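The values are calculated or read from the model by the stated rules, or taken from the named source; none is laboratory data. Computed from a predicted model, the values in this text were never measured in an experiment. Every residue, glycine as well, gets a Cβ built from its backbone with ideal geometry; the counts of neighbours run over all protein chains shown. Accessible surface areas use protein heavy atoms only, side chains included; no ligands, DNA or RNA. Shrake-Rupley method; radii C 1.70, N 1.55, O 1.52, S 1.80 Å.
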Amino acid sequence: MADNYDLIVLGSGPGGYVAAIRGAQLGLKVAIVERERLGGICLNWGCIPTKALLRSAEVYHYMTHAAQYGLSAEKPSFDLGKVVDRSRKVAGQLNAGVKGLMKKNKVTVHEGVGTLTGKGKLSVKQGDKTVELEAKHIIVATGARARDLPFAKADGKRVWTYRHAMVPEEMPTKLLVIGSGAIGIEFASFYNDMGADVTVVEMMDRILPVEDAEVSEFMAKQLTKFGMTLKIKAGLEKLEATGSGVKASIKTADGKVETTEFSHAIVAIGIVPNTENIGLESLGVKTERGHIDTDGYGRTNVDGIWAIGDVTGAPWLAHKASHEGVIAAEAIAQALGNKDVHPHAMDKGNIPGCTYSRPQVASVGLTEAKAKEAGYSVKVGKFPFIGNGKAIALGEAEGFVKTVFDAKTGELLGAHMVGAEVTEMIQGYVVARQLETTEAELMETVFAHPTISESMHESVLSAYGRAIHI
């Protein structure tokens with residue numbers, strides 16, 4: 001006889017486990033199914049462990065530049081194995097934390113490979129054992145995996161995905177990073193700071209192509225200044241692993257093909273949703289290019305089947321998945337008769353994006369170009385960190401804040417930041433957009449001094465010709 005639940009969540013990443021907890025908080029009987037480790041890719045192999053690596057690189061960078069702060073550090077060095085071990089311990093600690101949260105919220109955990117076998121039915125197979133589960137509602141939160149190059153699949157030795165790049169057995173001497181999105185630039189930044197000779201190849205006309213053009217331009221100058229080689233409007237024609245490295249044929253912007261040898265290559269060209277072999281086809285769940293089609297609440301076209309996170313498409317961000325998990329769990333509780341929850345559809349325009357490189361990048365809303373394409377008449381403010389006392393005191397005076405407003409209404413259309421700690425500061429603008437704040441409220445807000453966040457205030461003032469410190 002099948003175990004019966006109100007809600008089953010397939011996948012325990014930042015979308016899945018949050019959905020399970022929220023469902024349990026609302027009084028639902030909840031189960032979660034996970035084939036690998038609780039916490040999913042983000043916690044175990046993505047967001048969290050990469051930030052631990054980047055923190056080590058940041059500290060190492062400060063050690064090698066100690067003289068700039070009046071300090072001395074004799075011949076700083078690092079042990080790559082210990083750097084990786086710290087990262088894995090951080091991931092392990094958080095994995096244990098998710099296990100504790102499941103227990104605390106009385107969410108039943110089923111370990112194994114889950115497959116939808118019918119409406120409201122799901123089987124979980126682990127080894128020779130299969131468990132049958134049933135639920136009124138099922139949330140698919142199976143996430144995504146790294147996209148391989150069709151002509152050079154990752155081997156974990158010379159050609160890496162993000163997963164291999166997180167647990168290197170040796171330090172690359174000359175590294176090729178294919179793709180300049182957030183993942184590519186973060187790994188490029190990490191390995192560059194740790195001493196590798198890094199080259200980044202990007203097909204688009206600029207790095208970090210989803211960011212505001214001025215941010216991309218600034219980042220290109222900074223990364224070049226830090227010693228990276230950036231090849232934009234360039235395509236990888238061939239990548240061949242050898243006994244001692246990889247040989248890459250790169251078609252540059254002028255149409256010429258250059259062949260260069262590297263010790264290692266990281267492929268960061270996007271993701272593939274995990275929608276195969278989980279039973280979606282037999283139920284008639286609609287997908288587009290592998291991603292599950294949903295409405296703003298996570299509903300699919302099949303009653304009782306929901307989907308959240310990377311499996312539903314861009315933006316492929318953990319915090320987007322978590323928020324979708326809450327929305328879906330509340331919508332399910334509402335459908336089951338809870339009259340005290342009032343979920344709101346997801347607004348993707350208020351999802352912040354962050355790149356944890358050196359320098360950091362953060363943004364929310366429309367870029368200046370996108371705002372103009374959408375027909376807005378805009379007012380744009382910009383304030384450089386060199387005008388901010390705290391940034392100068394920290395030795396982090398490279399960066400800026402840019403804000404884009406609707407000239408007619410004062411609506412904050414977008415905010416774009418590059419520099420130290422901007423991934424922490426962006427939330428101020430996210431809250432402002434969520435509350436539908438205009439320039440008037442932002443101008444009247446008091447920002448603590450001295451903080452880098454004062455640059456946010458000055459950028460708003462700048463858009464209306466009122467900047468004080470520049």
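Things to note:
- Picking from residues in segment 328-350 that are touching a residue at least 40 places away in the same chain (Cβ under 8 Å) and assigned to a helix (DSSP H, G or I), the one that is most open to solvent (accessible area, probe 1.4 Å) is Ala335.
- Close pairs (8 angstrom Cβ cut-off, 6 or more residues apart or separate chains): at pLDDT 90 or above in segment 144-158, of a type in the set (Asp, Glu) and open to solvent by 30 Å² or more (accessible area, probe 1.4 Å) anywhere: Ala144/Asp310; Ala154/Asp148
- Given (1) within 15 Å of Asp212 (Cα to Cα); (2) open to solvent by 20 Å² or more (accessible area, probe 1.4 Å); (3) of a type outside the set (Gly, Ala, Ser), number of the condition Thr355 does not satisfy: (2)
- Pairing residues of segment 351-379 that are over 21 Å from Lys320 (Cβ atoms) and in contact (Cβ under 8 Å) with a residue 12 or more places away in the chain with residues that are of a type in the set (Val, Ile, Thr) and open to solvent by 40 Å² or more (accessible area, probe 1.4 Å), at Cβ distances under 8 Å and at least 6 apart in sequence or on separate chains, gives Glu368/Val380.
- Considering only residues in segment 192-251 that are β-branched (Val, Ile, Thr) and open to solvent by 60 Å² or more (accessible area, probe 1.4 Å), the one that is farthest from Ser263 (Cα to Cα) turns out to be Val210.
- Residue count for segment 34-89, restricted to those that are outside any helix (DSSP H, G or I), loosely packed, with under 15 Cβ neighbours inside 10 Å and of a type in the set (Lys, Arg): 1
- Filter pass, Thr403 being in a loop (DSSP other than H, G, I, E, B) and either without any contact (Cβ under 8 Å) to a residue 40 or more places away in the chain or not basic (Lys, Arg) (or both): no
- Within segment 113-143, considering residues that are free of Cβ contacts under 8 Å to residues at least 60 places away in the same chain and open to solvent by 70 Å² or more (accessible area, probe 1.4 Å), the one nearest to Glu281 (Cα to Cα): Lys125
- Screening segment 272-292 for residues that are touching a helix residue (DSSP H, G or I) at 6+ places or on another chain (Cβ under 8 Å) and outside any strand (DSSP E or B) and picking the one that is farthest from Ile183 (Cα to Cα) gives Thr275.
- Among strands (runs of 3 or more DSSP E) entirely within segment 210-271, having at least 2 residues that are touching a residue at least 24 places away in the same chain (Cβ under 8 Å), in contact with an Asp or Glu (Cβ under 7 Å, 6 or more places away or on another chain) and over 30 Å from Ala397 (Cβ atoms) singles out 246-251.
So that you can scan it fast, the table gives a plain yes or no per residue for (1) part of a helix (DSSP H, G or I); (2) over 27 Å from Tyr356 (Cβ atoms); (3) of a type in the set (Ser, Thr, Tyr); (4) open to solvent by 10 Å² or more (accessible area, probe 1.4 Å):
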| residue | (1), (2), (3), (4) |
| --- | --- |
| Ala415 | no, no, no, no |
| Gly428 | yes, no, no, yes |
| Ala432 | yes, no, no, no |
| Thr451 | no, no, yes, yes |
| Ile468 | no, yes, no, yes |
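- Checked against (1) under 28 Å from Phe187 (Cβ atoms); (2) in contact with a Ser or Thr (Cβ under 6 Å, 6 or more places away or on another chain); (3) assigned to a helix (DSSP H, G or I), Val361 passes all but a single condition, namely (3).
- Criterion violated by Thr275 - all others in (1) open to solvent by less than 40 Å² (accessible area, probe 1.4 Å); (2) within 16 Å of Asn192 (Cα to Cα) satisfied: (2)
- Of all positions in segment 3-14, none carries a residue that is at positive phi, surrounded by fewer than 16 Cβ atoms within 10 Å (Cβ to Cβ) and over 26 Å from the mean Cα position of the chain (by Cα).
- Flag if Lys370 is part of a helix (DSSP H, G or I), among the charged types (D, E, K, R), farther than 30 Å from Gly70 by Cβ and open to solvent by 20 Å² or more (accessible area, probe 1.4 Å): yes
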